Amino acid sequence: MHYLKDISEVRKKISEYKKNNKSIGLVPTMGALHKGHVSLIESSKKSCDITVVSVFVNPIQFGPNEDFHKYPRPIEQDIKICEEVEVDILFNPAVEEIIGDNLKTFVDISDLGDNLCGAKRPGHFRGVATIVSKLFNITTPNRAFFGKKDIQQLYIIKKMVEDLNFNIEIIPCSIIREADGLAMSSRNRYLSEKERIDSLVINRTLKEAVKLIEDGEINSKNVISFFENKIKEINSAKIDYVNVVNENMKNVELIEKGNIIAIAVYIGKTRLIDNHIIGEKICW
Ligand code: PAF
């Protein structure tokens with residue numbers, strides 16, 4: 001595995017691969033890799049000759065009161081995981097390498113970022129879209145792999161690729177869950193033992209809400225209040241949002257197939273997200 005920190009080194013290596021007609025898969029991450037990331041890497045390895053993983057905790061996608069400074073950065077562990085699963089390039093640039101001190105150009109993701117996480121984290125998706133564009137330009141992948149847990153991010157990136165004519169196929173990958181159903185996230189490590197148990201209210205209620213819909217409930221208001229009432233039963237849990245949206249990330253009143261029930265819940269100080277696309281099989 002090539003562990004690279006400089007853009008120029010990555011470009012050089014990738015152009016060598018491309019000269020030999022190798023296809024490139026990119027898995028963009030912020031590190032603290034877990035099984036969810038490994039499944040993205042495995043998908044890339046299945047369909048691309050070369051897999052590039054980027055590990056970059058992107059300062060411009062964090063709000064001023066968010067966890068940028070405390071975000072976990074276990075790079076030695078990440079290197080080990082990438083070696084074990086035979087990643088070809090691990091790109092781990094410094095902030096100065098990617099952002100510099102005079103970044104003036106940003107990707108505006110318009111109203112796709114007005115709802116859900118975008119509404120709660122102003123500027124977040126602008127930061128994501130800008131950095132992902134940079135990573136696309138640096139690594140020039142044929143395919144890039146994104147998890148469905150960050151569902152709004154996935155839809156925004158897909159639209160950005162279409163709108164800005166990136167010649168890259170975006171591959172959505174399933175949410176990977178712990179055995180008890182909690183969606184895997186680098187932020188799960190913030191949870192205390194008690195909070196970890198409390199956090200199960202999220203996936204449990206999501207599953208029950210999906211069951212309600214499958215049994216015929218089409219009014220999103222009823223599903224949302226069902227969700228709110230269940231979350232209230234757990235002291236450490238506080239809803240940030242729960243919405244049912246269409247693929248343009250707009251709230252829907254009447255639920256139909258393909259809509260997404262998307263939630264963000266604080267467990268103590270830790271904000272966790274989860275979602276389900278209506279019509280897809282429940283797999284937890
Ligand atoms: O999903 C993430 O980890 C980040 O938002 C991403 C796509 C790596 C951009 O920083």
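The values are calculated or read from the model by the stated rules, or taken from the named source; none is laboratory data. Fair warning: this is a prediction, and the values are worked out from it, not measured in the lab. Cβ: placed from backbone, ideal geometry, glycine included. Neighbour counts: every protein chain shown. These area figures cover heavy atoms from the full protein model, side chains too; ligands, DNA and RNA do not enter into them. Shrake-Rupley method; radii C 1.70, N 1.55, O 1.52, S 1.80 Å.
For this structure, a couple of remarks:
- Residue list for the range 8-29, filter: farther than 30 Å from residue 178 by Cα and within 16 Å of the ligand (Cβ to nearest atom): 10
- Residue check, residue 149 at pLDDT 95 or above, over 24 Å from residue 93 (Cα atoms) and assigned to a helix (DSSP H, G or I): no
- Of all residues in the range 1-42, those satisfying the criterion of being touching a Phe, Trp or Tyr at 6+ places or on another chain (Cβ under 6 Å) and under 17 Å from residue 132 (Cβ atoms) are 10, 27, 40.
- When residue 187 is tested against (1) more than 13 Å from the ligand (Cβ to nearest atom); (2) over 23 Å from residue 22 (Cβ atoms), only condition (1) is not met.
- Check on residue 21, modelled with pLDDT under 95, more than 17 Å from the chain's Cα centre (by Cα) and not acidic (Asp, Glu): no
- Taking the range 50-132 as the region of interest, the helices (runs of 4 or more DSSP H) fully inside it that hold 2 or more residues being open to solvent by 20 Å² or more (accessible area, probe 1.4 Å) and free of Cβ contacts under 8 Å to residues at least 24 places away in the same chain are 75-84.
- Close contacts from the range 253-279, counting a first residue that is without any contact (Cβ under 8 Å) to a residue 24 or more places away in the chain and a second that is of a type in the set (Lys, Arg) and open to solvent by 10 Å² or more (accessible area, probe 1.4 Å), with Cβ to Cβ under 7 Å and a gap of 6+ residues or different chains, come to 279/257.
This table checks each residue for (1) open to solvent by 30 Å² or more (accessible area, probe 1.4 Å); (2) more than 19 Å from residue 279 (Cα to Cα); (3) in a helix (DSSP H, G or I).
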residue	(1), (2), (3)
187	yes, yes, yes
197	yes, yes, yes
204	yes, no, yes
222	yes, no, yes
227	no, no, yes
230	yes, yes, yes
235	yes, yes, no
241	no, yes, no
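- All of 263, 273 fail the test of being in a strand (DSSP E or B) and open to solvent by 20 Å² or more (accessible area, probe 1.4 Å), apart from 273.
- Restricted to the range 30-49, and to residues there that are open to solvent by less than 20 Å² (accessible area, probe 1.4 Å) and within 11 Å of the ligand (Cβ to nearest atom), the residue that is farthest from residue 20 (Cα to Cα) is 32.
- Residue within the range 162-178 that is open to solvent by 50 Å² or more (accessible area, probe 1.4 Å) and assigned to a helix (DSSP H, G or I) present: yes
- Subset tally (residues that are closer than 25 Å to residue 250 by Cβ and in contact with a Phe, Trp or Tyr (Cβ under 7 Å, 6 or more places away or on another chain)) for the range 153-169: 5
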